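The next block holds one structure in the form of structure tokens; read it before the comments.
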């Protein structure tokens, strides 16, 4: 692998539709090893990866890329171009990666029926097999179950090039990364160490800046009061120093004015006022240099609406084909209006397929359903953004307020043609929450979301009174929100048969 670092030198970049650049005169270097790229949804993390791999070019500045690059995007709609060759290769690394990540020889032909977790494993395995000098991974653990995440982390730990990884998986970032680039709309800062260490340093730095800014504000306020008093004093002295309006026969009054002029007392008062004004200008300028990132109030709440029906759905048992030879067998399924159900199982077990069957057979009116699919393709994202732009003013205001409280900038979101997957999930969630739903169904809801947004969603769902059906590999998320579990497991008697068990 190439030892030279990948460098950004005074890089500025913005998309045509944005009013402000995502990067402005950014300077940092990525050495060999893994660097985490972290920040809120829409802050520009994916843009950094695309610039680093040559898929985008900066508006100004230079990017020094030391060798071959591979970029693994978040979406897995299409198989990697090199996948057929990789699956047939007999070299040692290909054999090891296929074994370690549990890839099957027929996955290229079966791509359309693979789970997103299986697709993600194949995508990253191909990238590692290509041994690029620069490897950029965008949310590599999305959709991946616990066992596959552990295997993937071990495989990534063996990579010796320059690795860039965008992720909201704190465990992955802490185990792999030697440094992290913190990206925000205000600035980018490269911090040494793991994500947890860098986050703690960033919090300490922000707290210090906020204290300094508060002190500077207090000082400016005191100076403003002093300037106002000095100006008032100078004004009174000025009026006393004029003979205008005095009776020409009042010699004593006119003598006092002459005496004040001689002593220069009024001139001193005026100079004092000017000095204070200059000090206030300096302190105000200093205050403006103490830039602190903007903070938005986070947290959404929805009461939802409890359905008056006895059940949200009742589905007779059946069988779902999962490709050519595999199938999922499930019993009679019933969900009551206040049930909170976790649907769990390994990648490829048929969780998403079962969710599709349930959505097709619901008793709940579509306008009272929030359904967040596992992935939203680029075309659907663009269509949804156009739909949102066409909402009435009041409705748009409510949806964008919810988006802001989930941690994204509505103005920037409405400017973009294709929002990030994380921002798209926030828009769909906001649209649904604004409608007082009776049932919320979410397939891998925490995928693509930044950490504050996950916490906001968790709090909102904990308080709502409607039914919840959640598919996730995030055990903490499920434990805090659900009270029942539907588990899909391999049938002990048949290898290609999955069975759903209701607990």
- Pick from region 363-375 the residues that are under 16 Å from residue 437 (Cα atoms) and modelled with pLDDT under 85: which of them is farthest from the chain's Cα centre (by Cα)? 363
- Of the criteria (1) in contact with a strand residue (DSSP E or B) (Cβ under 7 Å, 6 or more places away or on another chain); (2) within 16 Å of residue 38 (Cβ to Cβ), which one residue 200 fails: (1)
- Within the group 387, 489, which residue is surrounded by fewer than 20 Cβ atoms within 10 Å (Cβ to Cβ), assigned to a strand (DSSP E or B) and out of contact with any helix residue (DSSP H, G or I) (no Cβ under 8 Å at 6 or more places or on another chain)? 489
- Among the numbered criteria (1) part of a strand (DSSP E or B); (2) in contact with a helix residue (DSSP H, G or I) (Cβ under 8 Å, 6 or more places away or on another chain), which single criterion is violated by residue 348? (1)
- Residue ID - surrounded by the most Cβ atoms within 10 Å (Cβ to Cβ), chosen from residues in region 32-57 that are at positive phi and under 17 Å from the mean Cα position of the chain (by Cα): 44
- What do you reckon, is residue 494 in a helix (DSSP H, G or I) and assigned by TED's automatic domain parsing to the domain that holds residue 350? no
- Task: Answer yes or no: is there a residue in region 445-454 that is crowded, with 16+ Cβ neighbours inside 10 Å and out of contact with any helix residue (DSSP H, G or I) (no Cβ under 9 Å at 6 or more places or on another chain).
- Result: yes
- Item | Given (1) closer than 30 Å to residue 111 by Cβ; (2) touching a residue at least 40 places away in the same chain (Cβ under 8 Å), number of the condition residue 338 does not satisfy | (1)
- Residue match in region 42-56 (condition: touching a strand residue (DSSP E or B) at 6+ places or on another chain (Cβ under 9 Å) and modelled with pLDDT under 90): yes
- A careful count of residues in region 65-103 that are exposed (fewer than 14 other Cβ atoms within 10 Å of the Cβ) and either modelled with pLDDT under 90 or part of a loop (DSSP other than H, G, I, E, B) (or both) gives 6
- Exactly one of (1) closer than 30 Å to residue 500 by Cβ; (2) in contact with a helix residue (DSSP H, G or I) (Cβ under 8 Å, 6 or more places away or on another chain); (3) at pLDDT 85 or above is unmet by residue 357. Its number? (2)
- Within region 152-173, tally of residues that are in contact with a strand residue (DSSP E or B) (Cβ under 9 Å, 6 or more places away or on another chain) and within 24 Å of residue 42 (Cβ to Cβ): 8
- Item | Subset of region 149-171 (residues that are buried (at least 22 other Cβ atoms within 10 Å of the Cβ) and in a helix (DSSP H, G or I)) | 152
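The values are calculated or read from the model by the stated rules, or taken from the named source; none is laboratory data. Fair warning: this is a prediction, and the values are worked out from it, not measured in the lab. FYI the Cβ positions are ideal-geometry reconstructions off the backbone, even for glycines, and counts take in every protein chain you see.
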